[in-house]
Amino acid sequence: MKKIFLILITLFFGGVTIACGNAATTTTAAFNPASNINVYTRDTTSGTRAGFMAGIGFAEAEANDSVLVEGFIIKDNTGILSTMAIDEYGIGYISLSSVNNTVKGLYFEGVAPSEENVINDTYALKRPFMWMIRDTGDYPSIEIEEIVIAFIAFLGTSDGADTIANAGAIALQSSTTWDAIEGDYDVCSQDNSDIVVRFGGSDSIQKVAQALTAAFMPRCGNFVAEHDHTGSGDAYKRTNDPAIKDTSVGKDIAFSSRWFKTTEAVPESQFGQLAWDAIVAIVHLDNPLSNITASDLKAIYNGNIRTWSSLINP
Amino acid sequence: MIKAKNTTGKRTVDRIVKYFFLSTAVLSASFIFIIAWIILIRGITPFTTDNGGLGTVDLLRFLTGGVWLEGQAFVSTLYGVGFLIVSTLYITFLSLLIAAPVGVLTALFIAKTASKPLARALRTVVETLAAIPSIIYGLFGAGIILKLVYDFSAAIGYQSKGGNSILATALVLALMTIPTITAISEVAIRSVDKTLEEGSLALGASQTQTKFKVVLAAAKSGIFTAIILGVGRALGEATAVSLVAGGRRSGFSFALLDTTSTLTTIMLEGLKETTGIDYDIRFSVGLVLLAVILITNLILNAIKRRVGTIRVKE
């Protein structure tokens, strides 16, 4: 019995050693288009996933795993990025700010994934980050209103843009600095440490919004920013819907990670865009594919396309 | 007089210290009950309430289900963890299959064969390994083991999912449990009475026979304790495992190169971003995990009592 056990152990480790030897000496074979596509996705709570699925016309998969192709792999942002450097036959998606030279970012509908193409609105796999504020005079106090107006002005400065970029989104172009316009906002020279401004709306924007308030608070009398992000749908409701805006969940500024709908119409001075969130479909560097369409991506994610051969023309 | 005074003083100090110790003991013990209570209360909520109008989660379906969530997240209550219970136990078993022989034989080497300076050096190495945080093992797994498993499966002609697999998970867990098993087995092996070995050698047994048949047999109980602790570490590990498992969402699978999930990874994924039922259900998974750990430990302890009753020492 003991002898058999010993022999088994020896065989096992012998096997492992040989296997490792093989693995180490394996050279990367040429890309084989007949291989199956390994489909990588974020989990259902991810804002990037919601943006990606909506962008490729597969909105029902935003929060539903059951409609995805069988055998998909769930990883986080870093996980997808690092695995795509290993898996020659994988496809995944990450936000544009995470793309680096270890993977290949695919052109979307013929347009290269770059910040420039996002800002000039040619790269389409993206979603806008929008803000919405209350009506003039409809704030708990005049100081809060002035801080809100100053905050919106800050969003358009290069300081605001840097903060947005550091938080992983793509800021719109800005020409001025906060120092240059600070004088126009008297409220920011006061001590505002007892004033609470309520931020809400999209939870996908929460990270960016928190970075922005963290950067803006010391510039505007250390007011207190209260963040309560519950989803894009609440951006309009909690700032402008007469039935909700004055309840305890009312907000002074709220964000949305999609365009506002016609049912959410407010005067032009009360909403605007602060950034873009661009998403890039990525593959292994050895993958010959360089461009992909929304319909192909949808077909990959719902399982209609299972092998690379239907996407890669020999 | 002075002497007597001192004694009273000392007694008072003793009493104060005694009650101080008692209070810390009560405090730390009560945490266990508080934690267990909170997990229990939150964990049974999805089964006892209608979850804000979504309906009650079916307990039997939950415990035996082969799909984590059917339908849309935050809307559906069709959760299931049956396949996760099985995969958790399966992966733990596989990792033990690697870690137990390696750990015990390493311990035998350190305790009985290695020269004193070498043994001291190895002991330090093992203790250092045991102290390495799990996220570091996870990073090693994601960076090295995934690549090795991917290349290995490519070499045998199988297209793995970027190396994310049961094999990679078991390997990472084995790496993590080997130091635990080694450190505790080594103490058990070292405490085996020297006279036993001498007796065996005097009767004409070889060094190898003595080590395997006498020393290991005498240390059996301690080695089993080591394995139980190893199992505990493997069952409860979340961070490292989630980086190499692949986030499988449905189906019982035993193929070594297939993706997988465990009770812990499903709890961890999206935990920071999710709300409502999708958040509460993670407490239920926690309850299931606690139950699995408890039952496994009871079974292992029962086995340990059986195999460890022969007291060879003395």
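The values are calculated or read from the model by the stated rules, or taken from the named source; none is laboratory data. Nothing here was measured: the structure is a model prediction, and the numbers come from that model. When we count neighbours, we look across all protein chains shown, and the Cβ atoms used for this are built from the backbone with ideal geometry, even at glycine.
Values computed for the structure shown
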{"read-out": "A:Ser290 vs. criteria outside the structural domain of A:Asn120 (by TED's automatic domain parsing) and either more than 22 Å from A:Ala124 (Cα to Cα) or over 18 Å from the mean Cα position of the chain (by Cα) (or both)", "value": "no"}
{"read-out": "Total residues in segment A:78-108, condition polar (S, T, N, Q) and within 14 Å of another protein chain (Cβ to nearest Cβ)", "value": "4"}
{"read-out": "Residues located in segment B:181-213, provided they are touching a residue at least 60 places away in the same chain (Cβ under 8 Å) and either farther than 27 Å from B:Thr124 by Cβ or touching a strand residue (DSSP E or B) at 6+ places or on another chain (Cβ under 8 Å) (or both)", "value": "B:Leu196"}
{"read-out": "Segment A:75-116: number of residues that are under 23 Å from A:Ala165 (Cβ atoms), part of a loop (DSSP other than H, G, I, E, B) and of a type in the set (D, E, K, R)", "value": "1"}
{"read-out": "Selection within segment B:60-82 - touching a helix residue (DSSP H, G or I) at 6+ places or on another chain (Cβ under 7 Å) and without any contact (Cβ under 8 Å) to a residue 12 or more places away in the chain", "value": "B:Glu70, B:Gly71"}
{"read-out": "Members of segment A:261-312 that are part of a helix (DSSP H, G or I) and aliphatic (A, V, I, L, M)", "value": "A:Ala294, A:Leu297, A:Ala299, A:Ile300"}
{"read-out": "Residues located in segment B:235-274, provided they are assigned to a helix (DSSP H, G or I) and of a type in the set (Ser, Thr, Tyr)", "value": "B:Thr239, B:Ser242, B:Thr264, B:Thr265"}
{"read-out": "Breaking point among (1) away from chain B (no Cβ under 14 Å); (2) crowded, with 18+ Cβ neighbours inside 10 Å, for A:Lys75", "value": "(1)"}
{"read-out": "Count of residues meeting criterion [at negative phi and more than 10 Å from chain B (Cβ to nearest Cβ)] in segment A:50-72", "value": "10"}
{"read-out": "Residue check for B:Ala131: more than 14 Å from chain A (Cβ to nearest Cβ), out of contact with any Cys (no Cβ under 8 Å at 6 or more places or on another chain), under 15 Å from B:Leu229 (Cα atoms) and not hydroxyl-bearing (Ser, Thr, Tyr)", "value": "yes"}
{"read-out": "From B:Ile110, B:Ile166, B:Ile136, B:Ile181, residue being more than 14 Å from chain A (Cβ to nearest Cβ), closer than 29 Å to B:Gly247 by Cβ and surrounded by 17 or more Cβ atoms within 10 Å (Cβ to Cβ)", "value": "B:Ile181"}
{"read-out": "Filter result for the condition that a residue is within 20 Å of the chain's Cα centre (by Cα) and among the β-branched types (Val, Ile, Thr), over B:Ile91, B:Ile110", "value": "B:Ile91"}
{"read-out": "Selection count, segment B:266-300, where residues are hydroxyl-bearing (Ser, Thr, Tyr) and facing chain A (nearest Cβ under 9 Å)", "value": "2"}
{"read-out": "Segment A:200-224 - residue that is in a loop (DSSP other than H, G, I, E, B) and within 14 Å of chain B (Cβ to nearest Cβ) and, of those, farthest from A:Ser257 (Cα to Cα)", "value": "A:Asp203"}
{"read-out": "Unique residue being modelled with pLDDT of 90 or more, within 26 Å of the chain's Cα centre (by Cα), in the same structural domain as B:Gly103 (by TED's automatic domain parsing) and of a type in the set (Ser, Thr, Tyr) when the list is B:Ser253, B:Ser206, B:Ser200, B:Ser242", "value": "B:Ser242"}
{"read-out": "Selection from segment A:245-279 of residues that are of a type in the set (Val, Ile, Thr) and over 19 Å from A:Asp228 (Cβ atoms)", "value": "A:Thr262, A:Thr263, A:Val266, A:Ile279"}
{"read-out": "B:Phe254 being more than 12 Å from chain A (Cβ to nearest Cβ) and farther than 30 Å from B:Gly71 by Cβ", "value": "no"}
{"read-out": "Residue satisfying all of: in segment B:48-67; within 12 Å of B:Asp280 (Cα to Cα) and surrounded by 16 or more Cβ atoms within 10 Å (Cβ to Cβ); farthest from the chain's Cα centre (by Cα) among these", "value": "B:Asn51"}
{"read-out": "Residue within segment B:104-123 that is within 25 Å of B:Arg233 (Cα to Cα), at pLDDT below 95, in a helix (DSSP H, G or I) and not assigned by TED's automatic domain parsing to the domain that holds B:Ile293 present", "value": "no"}
{"read-out": "Total residues in segment B:271-314, condition modelled with pLDDT of 85 or more and over 25 Å from B:Gly232 (Cβ atoms)", "value": "4"}
{"read-out": "Qualifying residues in segment B:139-163 (those that are crowded, with 18+ Cβ neighbours inside 10 Å and at positive phi) - the one nearest to the other protein chains (Cβ to nearest Cβ)", "value": "B:Gly162"}
{"read-out": "Residue match in segment B:83-90 (condition: in contact with a helix residue (DSSP H, G or I) (Cβ under 8 Å, 6 or more places away or on another chain), surrounded by 18 or more Cβ atoms within 10 Å (Cβ to Cβ), over 19 Å from B:Met267 (Cβ atoms) and assigned by TED's automatic domain parsing to the domain that holds B:Ala168)", "value": "no"}
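Listed here are the residues, each with its yes/no results for (1) within 14 Å of chain A (Cβ to nearest Cβ); (2) outside any loop (DSSP other than H, G, I, E, B); (3) of a type in the set (A, V, I, L, M).
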| position | (1), (2), (3) |
| --- | --- |
| B:Leu171 | yes, yes, yes |
| B:Ala188 | no, yes, yes |
| B:Val192 | no, no, yes |
| B:Gly199 | no, yes, no |
| B:Ala217 | yes, yes, yes |
